[in-house]
1. Output the residue which, of all residues in the stretch 139-180 that are outside any helix (DSSP H, G or I) and among the basic types (Lys, Arg), is farthest from TRP5 (Cα to Cα).
2. Test THR94 against the stated conditions and say whether it is among the hydroxyl-bearing types (Ser, Thr, Tyr) and either part of a helix (DSSP H, G or I) or without any contact (Cβ under 8 Å) to a residue 40 or more places away in the chain (or both).
3. Only one of (1) more than 16 Å from GLY8 (Cα to Cα); (2) more than 14 Å from the chain's Cα centre (by Cα) fails for PHE50. Which number is that?
4. Restricting attention to the stretch 50-76, and to residues there that are hydrophobic (A, V, I, L, M, F, W, C) and under 29 Å from GLU131 (Cβ atoms), which single residue is surrounded by the fewest Cβ atoms within 10 Å (Cβ to Cβ)?
5. So ALA106 passes all but one of these: (1) part of a helix (DSSP H, G or I); (2) touching a Gly at 6+ places or on another chain (Cβ under 8 Å). Which condition number does it fail?
6. So LEU168 passes all but one of these: (1) surrounded by 13 or more Cβ atoms within 10 Å (Cβ to Cβ); (2) over 19 Å from ARG9 (Cα atoms); (3) at pLDDT below 95. Which condition number does it fail?
7. From ASP137, ASP151, ASP124, ASP172, which residue is out of contact with any Lys or Arg (no Cβ under 7 Å at 6 or more places or on another chain) and touching a residue at least 12 places away in the same chain (Cβ under 8 Å)?
8. Which fully enclosed strands (runs of 3 or more DSSP E) of the stretch 1-89 have 2 or more residues being touching a helix residue (DSSP H, G or I) at 6+ places or on another chain (Cβ under 9 Å) and without any contact (Cβ under 8 Å) to a residue 60 or more places away in the chain?
Amino acid sequence: MFTLWIMGRPAAGKSTLARGLADRLAASGRDVENLDGDDFRAQFHPELGFSRADRRVNNRRTAHVAKLLNRHGVVTVVGMITPFAAARELARETVEPDGEFVLVYARCSLESAEARDPKGLYADARAGEVEKFTGVDHPFEEPTDPDVVVDTERSSPAEGVSHVLDRLVELDVIGERPDA
């Protein structure tokens, strides 16, 4: 079993990519759970803020749930900013005893993410209405060793899903690509 951990800037296309992958994997007969970062935070620990420590707790808890789902035969797709390398490594270490961990980087420049921002959060952050917003007044550490990179500025969502599925076959995580 495996977890696809899709990370990237706010508005990079993580949720869109996660939904597409979850749908394709489920259509192939796999049990799949999509843990959307925003939904997970709102439902399970809305008391957490966005400090480095709170983000670490959020990532650790999400990784633990992914581990439990993998243990019970469920493919898990996580779409979460995960701006810090240490939190990504902790997620990998948490999941790997019970499933394979595949880090997918939804790569998108700050400028493009800000231009496409559907929630207007970048504008709110620049106006001082949102604190510790990743990429504006809080760090975003580019990953140095993702298992898969999807350039969401240059790829359509369908192309991104296709690329990840191809890489999953190459990495021997799945035996063959699910049909469309």
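The values are calculated or read from the model by the stated rules, or taken from the named source; none is laboratory data. No experiment lies behind these values; they were computed from the predicted model shown. Every residue, glycine among them, receives a Cβ derived from its backbone with ideal geometry; neighbour counts consider all protein chains shown.
1. The first filter runs over the stretch 139-180 and keeps only residues outside any helix (DSSP H, G or I), leaving 139-156, 171-180.
Those still in the list that are among the basic types (Lys, Arg) too: 154, 177.
Working: ARG154: 21, ARG177: 18 Å.
Applying the filter and picking the extreme gives ARG154.
2. yes
3. (1)
4. Step one: list which residues in the stretch 50-76 are hydrophobic (A, V, I, L, M, F, W, C), which gives 50, 53, 57, 63, 65-66, 68-69, 74-75.
When the remaining residues are screened for being under 29 Å from GLU131 (Cβ atoms), the result is 50, 53, 57, 63, 65-66.
Numbers: PHE50: 17, ALA53: 10, VAL57: 15, ALA63: 27, VAL65: 18, ALA66: 28.
Among them, the one singled out is ALA53.
5. For ALA106, the failing item is (1).
6. Among (1) surrounded by 13 or more Cβ atoms within 10 Å (Cβ to Cβ); (2) over 19 Å from ARG9 (Cα atoms); (3) at pLDDT below 95, LEU168 violates only (3).
7. Working: ASP151 fails: out of contact with any Lys or Arg (no Cβ under 7 Å at 6 or more places or on another chain); ASP124 fails: touching a residue at least 12 places away in the same chain (Cβ under 8 Å); ASP172 fails: touching a residue at least 12 places away in the same chain (Cβ under 8 Å).
That would be ASP137, the only listed residue that is out of contact with any Lys or Arg (no Cβ under 7 Å at 6 or more places or on another chain) and touching a residue at least 12 places away in the same chain (Cβ under 8 Å).
8. Working: elements: 2-7, 32-36, 75-79.
Strands (runs of 3 or more DSSP E) meeting the threshold: 32-36.
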